[in-house]
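Down below is the structure, laid out as structure tokens.
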Amino acid sequence: MMLRRGFILFLPRLVGLLVVACCSVSIVYMLACTPKGDNQQLAFPRVHSPTVKEGYEAILQEREEQHRNYIISLKKQIAQLKAELQGRSEQLKNVQDQYPDPLDNRLDHSNTEKAQANLLAFLRSQIDKAEVHSGVKLSTEYAAVPFESFTLQKVYQLETGLTRHPEEKPVRKDKRDELVEVIELAVGSLNNPEGEGNAKHHVYTASDFVEGIYRTEKDKGTLYELTFKGDTKHQFKKIVLFRPFGPVMKVKNENVNMADTLINVIVPLAKRASKFRQFMQNFREMGIQQDGRVHLTVVYFGKEQMNEVKSILENTSKSANFKNFTFIQLNEEFSRGKGLDIGARFWKGNNVVLFFCDVDIYFTAEFLNSCRLNTQPGKKVFYPVLFSQYNPSIIYGHHDSIPSLEQQLIIKKETGFWRDFGFGMTCQYRSDFINIGGFDLDIKGWGGEDVHLYRKYLHSNLIVIRTPVRGLFHLWHEKQCLDELTPEQYKMCMQSKAMNEASHGQLGMLVFKQEIETHLHRQKLSSKKT
């Protein structure tokens, strides 16, 4: 009884609390869900306003009217933009009618397949315009577009400026992506040869890539020539690609067998027996032992030191069992052009690759392959840009000792420079050399004859491959500019002498040596006082 009476007394209070709670929830719900106007919150229907339902209907009608007006405004703006676009299109069409684009004339946009075919024809015409299949006659040696060479890791470039290096990993992402794409496309082309069906063949990877060269003709596109290892030691695969400012297109896929391609290395010489001994050490290691497909022709001027030179040659012949050499002696004043010309014409065998070389040159076996791969009778001659070594006494003057020759042969700004003004080291087939007319034999002494020959090739229809190579070095030696030289020759000789000593920074350190030593002395004195 007591419990029932307590429950009856508590029940009205509980009902009252539930009513208050429900009212509170309703108020919160209405506050949260009431629609808002554009500038202020819409009020609840007041006591003397229409019923709640009628109030909400009025609010919804007002919102609907606002949205309708907004849609009408957007439609007007779209109509205005369409009218303006149509006007601009008509203006552009009038201009195109007055100045038609040759490409547009060839592309019929009404037929998709025809448009694609015409576009492909246009891109292929870019290959025909570029210097891919044949050379272009050029007015001067400065008009030639040089190649740059690259491997998987490095780019060897001529235009270094103040920040780039002659040998470097590509820093710019676009250059890295460009070369990676080209190598990948070449590998894909090798692994999917045309016309072989399902025949089994060697699967190529990027590790088979040996080296490549490329150059860009600004108004046509970029030409790439990539060399890959072949099935045997002396076989190679060569892929030619072209980017006509669009997709890369395969130009050629050919087998290149260099197993029987002989190189006749021709060296004109007068005195300099000690340098010739150094040259023969390089020739024996790289030419005889590693390559094995070389002939050496030495054209010697005068008789002074001749017996010593002949003895060096004969000793190398006996110790290396090497018989492929010719020694020609001339009793007259030294002329580099004449010596090379006589050496080239003296050859009586089949057509051969000629490598015009100097006694102060160091080459690798890889360079000899580059010499073969970049020459083709009646089509291509090779003008490599060699890396010229600075004076080791200056470069390594702060070291305890000067490193060995092999350790000095590194391609860096501090150790040397691309000798892009020199055209003396060159590879071409003997038939091309004879047909072009050989050297100008009126030029005596040092300099000039190589530029003259280079210009002859530029004026012909042969393709001139001009690219820096990593396996050809000019070894430093003190240069003597004789009084007998003509003013022009003497000037060229002195320019070459100045460039051979050291970099700008290293020469600057020599010029300001006294100033630097004075500064260091003052620093020592001030440190003692403190």
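Here are some residues: Ser527, Ser503. Which one is among the small types (Gly, Ala, Ser) and either touching a Pro at 6+ places or on another chain (Cβ under 9 Å) or crowded, with 17+ Cβ neighbours inside 10 Å (or both)?
The match here is Ser503.
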Task: Every residue from segment 324-346 that is surrounded by 15 or more Cβ atoms within 10 Å (Cβ to Cβ), under 18 Å from Gly448 (Cα atoms) and not polar (S, T, N, Q) - done: Phe334, Arg336, Gly337, Lys338, Gly339, Leu340, Asp341, Ile342
- [ ] Filter segment 410-452 down to the residues that are aliphatic (A, V, I, L, M), closer than 22 Å to Pro146 by Cβ and modelled with pLDDT of 95 or more, then identify the one that is surrounded by the most Cβ atoms within 10 Å (Cβ to Cβ).
- [x] Met425
- [ ] Go through (1) farther than 20 Å from Pro268 by Cβ; (2) surrounded by fewer than 16 Cβ atoms within 10 Å (Cβ to Cβ); (3) touching a residue at least 60 places away in the same chain (Cβ under 8 Å) and name the single condition Ile394 misses.
- [x] (2)
Task: Answer from Ala344, Ala320, Ala365 - the residue that is in contact with a Leu (Cβ under 6 Å, 6 or more places away or on another chain) and either farther than 17 Å from Val265 by Cβ or of a type in the set (A, V, I, L, M) (or both) - done: Ala344
- [ ] Scan segment 325-350 residue by residue and report those that are touching a helix residue (DSSP H, G or I) at 6+ places or on another chain (Cβ under 9 Å), outside any strand (DSSP E or B) and at pLDDT 95 or above.
- [x] Leu340, Asp341, Ala344, Arg345, Trp347
Open item on the list: Can you go through Val210, Val171 and tell me which one is open to solvent by 10 Å² or more (accessible area, probe 1.4 Å) and at pLDDT below 90?
Closed with: Val171
TODO: Would you check which residues across segment 287-297 are open to solvent by less than 20 Å² (accessible area, probe 1.4 Å) and free of Cβ contacts under 8 Å to residues at least 40 places away in the same chain and list them?
DONE: Leu296
TODO: Check Lys271, Lys218 and return the single one that is exposed (fewer than 14 other Cβ atoms within 10 Å of the Cβ) and either of a type outside the set (Val, Ile, Thr) or under 30 Å from Phe122 (Cβ atoms) (or both).
DONE: Lys218
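Residues checked against (1) at pLDDT below 70; (2) part of a helix (DSSP H, G or I); (3) surrounded by 11 or more Cβ atoms within 10 Å (Cβ to Cβ):
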residue: Ile78; (1), (2), (3): no, yes, no
residue: Ala83; (1), (2), (3): no, yes, no
residue: Leu92; (1), (2), (3): yes, yes, no
residue: Asp97; (1), (2), (3): yes, yes, no
residue: Pro100; (1), (2), (3): yes, no, no
residue: Asn118; (1), (2), (3): no, yes, yes
residue: Val136; (1), (2), (3): no, no, yes
residue: Leu152; (1), (2), (3): no, no, yes
residue: Thr163; (1), (2), (3): yes, no, no
TODO: Among the residues of segment 484-530, count how many are charged (D, E, K, R) and in contact with a helix residue (DSSP H, G or I) (Cβ under 8 Å, 6 or more places away or on another chain).
DONE: 1
Task: The one condition in (1) touching a residue at least 40 places away in the same chain (Cβ under 8 Å); (2) more than 26 Å from Glu406 (Cβ to Cβ); (3) basic (Lys, Arg) that Arg470 fails to fulfil - done: (2)
Task: From Gly378, Gly349, residue being exposed (fewer than 15 other Cβ atoms within 10 Å of the Cβ), of a type in the set (Gly, Ala, Ser) and on the phi > 0 side of the Ramachandran plot - done: Gly378
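The values are calculated or read from the model by the stated rules, or taken from the named source; none is laboratory data. For clarity, every value in this text was computed on a predicted model and none was experimentally measured. Backbone-built Cβ (ideal geometry, glycine too); neighbour counts: all protein chains shown. Quick note on the areas: whole protein, heavy atoms, side chains included, nothing else; ligands and nucleic acids left out. Shrake-Rupley method; radii C 1.70, N 1.55, O 1.52, S 1.80 Å.
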